[in-house]
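Only the coordinates and a few stated rules stand behind these numbers; no lab work does. Owing to the predicted nature of the structure, the values given are computational and were not obtained by experimental measurement. Cβ coordinates were reconstructed from backbone atoms using ideal geometry, including for glycine residues, and neighbour counts include every protein chain displayed.
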Amino acid sequence: MIIDSHSHWLPDEIISNAHFFHKGWGDIEAQARIMDEAGISKAVLTYPTSDAHLKLGSLKEVARIYNDNVSKIIKRYPKRFIGAAVLPVDEPENMLNELKRALDELGFKAGAGSLVDSGNRIRF
């Protein structure tokens with residue numbers, strides 16, 4: 001079994017609020033076909049760095065949108081995709097709450113596979 005441990009996917013709401021992604025980033029069916037062609041059995045879906053939080057208003061909102069949508073994918077394709085929850089790192093309480101929600105309510109197995117931030121907003 002071959003597992004792609006770092007595969008990106010984005011929901012339309014993130015794509016349409018980021019400056020440098022196109023609709024192809026949200027085509028999970030195409031991603032599954034490409035995996036089949038390459039002999040990849042499973043993929044861990046991770047969040048690529050984006051600036052969507054600037055238009056959506058917060059890292060918390062980006063994490064909610066992404067995790068809710070990935071949850072639908074991992075429930076629809078449990079044998080193909082593993083979700084790595086994205087966490088809003090700018091506020092520790094929100095980060096812990098989203099981790100708990102992802103693990104307890106959304107069906108994620110991986111805690112913090114990736115973090116949402118453009119690099120300069122993290123304050124602890």
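Worth a mention:
- Here the convex hull built on the C-alpha positions of the chain has a volume of 96 cubic angstrom per residue.
- For the range 3-116, with +1 on Lys and Arg beta carbons and -1 on Asp and Glu, the positive-most of 86, 9, 35 along the dipole: 35
- Entries in 60/100; 75/109; 79/100; 42/75 that, when Cα-Cα distance is taken, lie over 18 Å: 79/100
- Of 88, 78, 11, the one that fluctuates the most in a GNM where the chain has Cα springs shorter than 10 Å: 78
- Based on C-alpha pairs under 8 angstrom that are at least 6 apart in sequence, the range 3-116 has a relative contact order of 26 percent.
- Placed amide H near residue 84: partners under 5 Å, 5+ positions off or other chain: 45
- Across the alpha-carbon atoms of the range 1-73, the computed radius of gyration and Dmax are 12.9, 40 angstrom.
- Computed over the range 18-60, the range of Cα coordinates on each principal axis works out to 39, 18, 13 Å, biggest value leading.
- Check: the range 45-94 dipole with +1 on Lys, Arg Cβ and -1 on Asp, Glu Cβ, in debye: 540
- Here is the size of the range 38-98 from its Cα atoms: Rg then Dmax, 13.0, 40 Å.
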